[in-house]
Amino acid sequence: MDYSFILVESEVPENLGAAARALKTMGHTDLRLVRPKCDRNTEKAQILAHNSQSILNAAPIYQHLSDALQDIDLTCATTARHRYEKYHYLSLRELPQHLQAKRESLQRIAFVFGGERSGLSRQDLASCDLITTIPQASLYPSLNLAQAVMIYSFTFSSAQTVQIEDQRLNQKSIPVEEYAHLKQSSLQLMERIGLADRYQQYVTRSLARLGYEDLYLLHNIRACIDRTLDHLEAKQSERDHAES
């Protein structure tokens with residue numbers, strides 16, 4: 001299934017940019033605008049898009065929601081508030097399973113988001129097949145428009161790359177002589193504090209798996225401990241000398 005994200009009467013340019021960025025990070029590309037009340041070409045919108053300007057700038061603009069839905073098989077309105085009219089509200093937690101049950105009959109699904117002040121109009125809601133909502137701990141304050149787009153785009157993202165490794169760390173390799181010195185000085189420290197041989201082996205084996213920054217940090221910790229021990233031993237020696 002493919003997904004389209006439709007923003008109706010958006011008023012805040014930053015939200016347009018942030019929404020485009022949310023789609024880009026979650027692998028979506030189809031952003032559509034209906035009667036936007038702000039300019040996507042403003043500096044604020046472009047800055048918030050941050051490497052997602054192509055999605056923002058390519059978004060088609062429509063005057064009527066019905067026109068934006070011409071190629072959509074199923075339309076999901078999004079709302080954060082209950083209306084006077086009686087609707088069946090489908091939680092976002094339930095929505096993926098609900099859509100999966102219809103997967104053979106659906107090719108493109110649209111999520112429709114209303115403006116920041118009043119959300120979707122009754123006329124726009126009438127153009128949608130489902131009314132969905134994000135469960136919240138309290139009704140107020142409601143989610144920001146771009147936050148809501150982020151949650152929906154994440155929920156329906158099929159290609160997610162986990163980026164947990166800090167690329168700034170351990171990109172260098174420690175020179176052989178420095179590694180040998182660290183290993184030897186670490187062994188001396190462990191002997192000095194009376195660490196059992198089997199634990200010394202654990203430490204030396206672990207050293208081989210560490211990167212540059214980790215080894216550098218360990219070297220500083222070892223040097224600090226050595227200095228502290230030297231200081232304590234010197235003070236003890238002075239006391240022993242005074243007592244004798």
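The values are calculated or read from the model by the stated rules, or taken from the named source; none is laboratory data. Predicted, not measured: the structure shown is a model, and the values here were computed from it. So basically every Cβ, Gly included, is an ideal-geometry build from the backbone, and we count neighbours across all protein chains shown. The accessibility values were calculated without ligands, DNA or RNA, using every heavy atom of the protein model including side chains. Shrake-Rupley method; radii C 1.70, N 1.55, O 1.52, S 1.80 Å.
Structure values in brief
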| quantity | calculated |
| --- | --- |
| Where labels lie 7 Å past Cα in the beta-carbon direction, separation of residue 244 and residue 222 in nm | 3.2 |
| Principal axis dimensions, largest first and in whole angstrom, of region 25-75 by Cα | 32, 26, 14 |
| Ratio of the Cα radius of gyration of region 3-116 to 2.2 N^0.38 Å, where N counts its residues | 1.10 |
| Stokes-Einstein D for the chain, Kirkwood Rh over Cα pairs, 37 °C, 0.692 mPa s (µm²/s) | 144 |
| Residue 58 paired with residue 147, simple spin-label distance in nm, labels 7 Å along Cα-to-beta-carbon | 3.0 |
| Region 18-88-region 109-159 distance, computed between alpha-carbon centres (Å) | 10 |
| Paired Rg and Dmax values of region 195-244, which use every Cα atom, in angstrom | 16.0, 49 |
| Sulfur and carbon atoms: percent of accessible area, the chain [1.4 Å] | 51 |
| In range of the label at residue 105: residues from region 63-81 whose backbone nitrogen is under 15 Å from the point 7 Å along Cα→Cβ | 73-75 |
| Residue-averaged [θ]222 nm for the chain, counting only DSSP H segments that reach four residues, each worth -39500 (n - 2.57) | -14000 deg cm²/dmol |
| Share of pairwise Cα separations in region 49-148, more than 19 Å, in percent | 50 |
| Length added when fully stretched, residue 88-residue 236, from 0.36 nm per residue minus Cα-Cα | 45.4 nm |
| Equivalent ellipsoid semi-axes, region 1-47, via Cα gyration tensor eigenvalues times 5, rooted, Å | 18, 13, 6 |
